[in-house]
Amino acid sequence: MFNHSSVCSKNGTCSSPDTCVCKKGFYGPRCEKFDCYGLLSTSNRVCSSNGTCQSPDRCSCNNG
């Protein structure tokens, strides 16, 4: 089961039960966290407060 696609948030591989090896730029127990230019992706200050962080260091800007 530890090789199921949802394990490690699809951002890493499971090397053994309860152990993820994250892809570059991802971290956390399940590789569920990443940063955008030094800020946690969920911060309200990310992308200069004008967009959302889609993946490590990749912003998607709001319209307008």
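The values are calculated or read from the model by the stated rules, or taken from the named source; none is laboratory data. Note that this is a predicted model, so its numbers are computed, not measured. Because the Cβ atoms are built from the backbone with ideal geometry, glycine has one as well, and the counts that use them run over all protein chains shown. Ligands, DNA and RNA are excluded from the accessible area calculation, which covers all protein heavy atoms including side chains. Shrake-Rupley method; radii C 1.70, N 1.55, O 1.52, S 1.80 Å.
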### Message
Please compute the Kirkwood hydrodynamic radius over the chain, one decimal place, Å, based on all pairs of different Cα atoms.
### Response
12.5
### Message
Using a 7 Å offset from the Cα along the Cα-to-Cβ direction at both Ser43 and Tyr27, what is the distance between the two label points in nm, to one decimal?
### Response
1.3
### Message
Taking C-beta distances below 4.7 angstrom as the pairing criterion, name the unpartnered cysteines of the chain, in sequence order.
### Response
Cys14, Cys61
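How much of the accessible area of the chain, probe 1.4 Å, is carbon plus sulfur, in whole percent?
On the way: 2290 of 4630 Å².
In the chain, the share of accessible area belonging to carbon and sulfur is 50 percent.
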### Task
Could you work out the relative contact order of the chain, using alpha carbon pairs under 8 angstrom and six or more residues apart, expressed as a whole percent?
20
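Hey, can you find the accessible area per residue of the chain for me, probe 1.4 Å, expressed in square angstrom? All intermediate terms of the calculation are to be shown ahead of the outcome.
Values: 4630 Å² over 64 residues.
So the chain comes to 72 Å² accessible per residue, rounded to a whole number.
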